[in-house]
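**Student:** Structure provided below as structure tokens; questions to follow.
What follows is calculated from the coordinates using simple rules that are stated; it is not laboratory data. If you're wondering where the values come from, they're calculated on a predicted model, not measured in any experiment.
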Amino acid sequence: MALSTWSVAARLSIDEVASMLSQVADHEFEVGRVKSPGLARMTAWRRTLVSAAQSGEITPSSVHLLSQHGKCFGIEDAAWRETDIHDVEATFERQEVFRWLKMKGIPDSHIPEELKWAGETVEHDASLPKAAAEELRALEALGLLAETFAKLGPKYRKGDAGKPNCAQIAQAMSQQAGDTPGMGERKLAGLLSDALDAWRDKRR
């Protein structure tokens with residue numbers, strides 16, 4: 001019996017994972033010969049994997065959306081978590097798929113050999129993806145606030161381009177913050193710079 005590349009691949013596409021869980025042979029998958037009922041099982045597993053990823057049960061290593069010409073999204077981005085499951089393409093680390101299956105209570109005897117992981121698995125906190133997405137939204141909102149602040153007067157923007165002057169805005173914010181820990185000018189200026197990057201990425 002030939003050795004499958006699925007046994008050694010560090011990362012697998014969502015369709016490859018769905019194929020393994022559906023007991024579809026790799027050669028059938030690669031040449032596109034998957035037929036019913038294998039195709040139906042693959043579709044069901046694909047739907048389950050996307051739903052689990054969107055809810056934070058399993059963390060993909062990369063995500064992109066078919067409707068946006070394959071645009072790649074950060075794992076923490078909320079956009080792909082709210083889209084139709086048929087629009088999501090993703091890749092997963094093999095050990096993450098194994099961890100998820102074990103978390104769902106699947107015994108080793110029912111897990112395909114290609115998906116078994118002999119190394120350590122990392123405990124997963126399902127609340128982390130949601131928390132990261134909320135943090136990103138807060139950062140984007142701060143970036144928008146900085147853009148708004150820059151329109152209040154020339155002091156808060158740089159030259160004719162009208163870009164926010166993070167140092168000046170941070171100075172005004174630190175004065176308002178007083179002696180609050182972690183709210184010094186340098187810290188706030190760095191945070192504002194990150195926030196503006198997040199806001200600009202959001203608008204692209």
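**Student:** Check which residues have an amide H placed less than 5 Å from LYS163's amide H, if you skip close sequence neighbours.
**Tutor:** Long-range HN contacts for LYS163: LYS158.
**Student:** Here is a further query. With a/c under 1.5 counting as rounded, go ahead and sort region 165-204 into rounded, prolate or oblate using the C-alpha gyration tensor (a ≥ b ≥ c being the square roots of the eigenvalues; past the cut-off, prolate if a/b is larger than b/c, else oblate).
**Tutor:** prolate
**Student:** Okay, next question. So which of LYS151/LYS202; LYS158/LYS187; LYS104/LYS202 end up more than 31 Å apart by C-alpha?
**Tutor:** Where the Cα-Cα span goes over 31 Å, the pairs concerned are LYS104/LYS202.
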